[in-house]
Amino acid sequence: MARERVHTAGVFAALSDLLAQVKLPEPAPVVLDCGAGTGHYLHQVLDAHPDSRGIALDLSTAGLKRAARHPRTLALAWDLWQPLPLLDDSVNLLIGVFAPRHVSEYARVLKPGGTAVVVTPRRGHLAELRETGLLGMQGEKLDQLRSQMAPSFGAPESTQQVLSEVPVDPNLVADLIFMGPAGHHRQHTELRAKAERSGVSHITVDLDVSLWRG
């Protein structure tokens, strides 16, 4: 529910818009979202391509129930470290947003000429929450991603920065923390109270969107 509220508030709207613009030249393309959560990004892509079909993979059955609401989405509970439940060369577009990456499986299921898009946070992402101690510190993720992808995909065709500033209130700050790993074993009321004391009124969305062709 926290993730759904964050997306409904448009916090990551710039990212959603960019993903929806990825070209899918083949008729009736198959879009795979690894770590789909509620399916928000997958649904944006499907809506931009009316002849497409989507597959959402995630461990969260609560999130997948929301992902399955889209009429052209098949939602499957799956451990992304295991071999993916798809045939070789069966996917036109693979999306990974802040999710574990099984790169050899990416390469196996992606069709020749298909596209893999992976989103990673930059150092400035949610910096306001880290500076106030609401989130832990993190380093750059792009170099690590490129090293992981290189054996199967080589260098990315492109990497684009998504940068925006979004107004927030304490409830939305609590949702942002609650929806991620830092929210595990924490109470939403506790996070909201800390957010109120922090005085954070806006957050920075700062991401790298990297694209490979299979």
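The values are calculated or read from the model by the stated rules, or taken from the named source; none is laboratory data. Predicted model, so just to flag it, every value in this text is computed and none were measured. Glycine also receives a Cβ, built like all others from the backbone with ideal geometry; neighbour counts cover every protein chain displayed. These area figures cover heavy atoms from the full protein model, side chains too; ligands, DNA and RNA do not enter into them. Shrake-Rupley method; radii C 1.70, N 1.55, O 1.52, S 1.80 Å.
Summary of values
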| read-out | value |
| --- | --- |
| Value at 222 nm in deg cm²/dmol, rounded to 500, when DSSP H runs of n ≥ 4 in the chain each add -39,500 (n - 2.57) | -9500 deg cm²/dmol |
| Rounded Å value of the spacing that divides the Cα centres of segment 163-214 and segment 53-83 | 23 Å |
| DSSP bridge orientation in segment 72-214 - percent antiparallel, rounded to nearest 5 | 75 percent |
| Aspartates and glutamates with Cα under 15 Å of K23, excluding same-chain neighbours fewer than 8 positions away | D47, D51, E157 |
| Span per principal axis, largest first, for the Cα atoms of segment 68-189 (Å) | 45, 33, 24 |
| Descending Cα extents along the principal axes, the chain, whole Å | 52, 35, 29 |
| Residue-normalised accessible area of the chain, given per residue in Å² at a 1.4 Å probe | 48 Å² |
| Simple spin-label estimate for R197 and R5 in nanometres, 7 Å along Cα-Cβ | 2.0 nm |
| Nitroxide proxy distance, nm - points 7 Å out along Cα→Cβ at R186 and L163 | 2.6 nm |
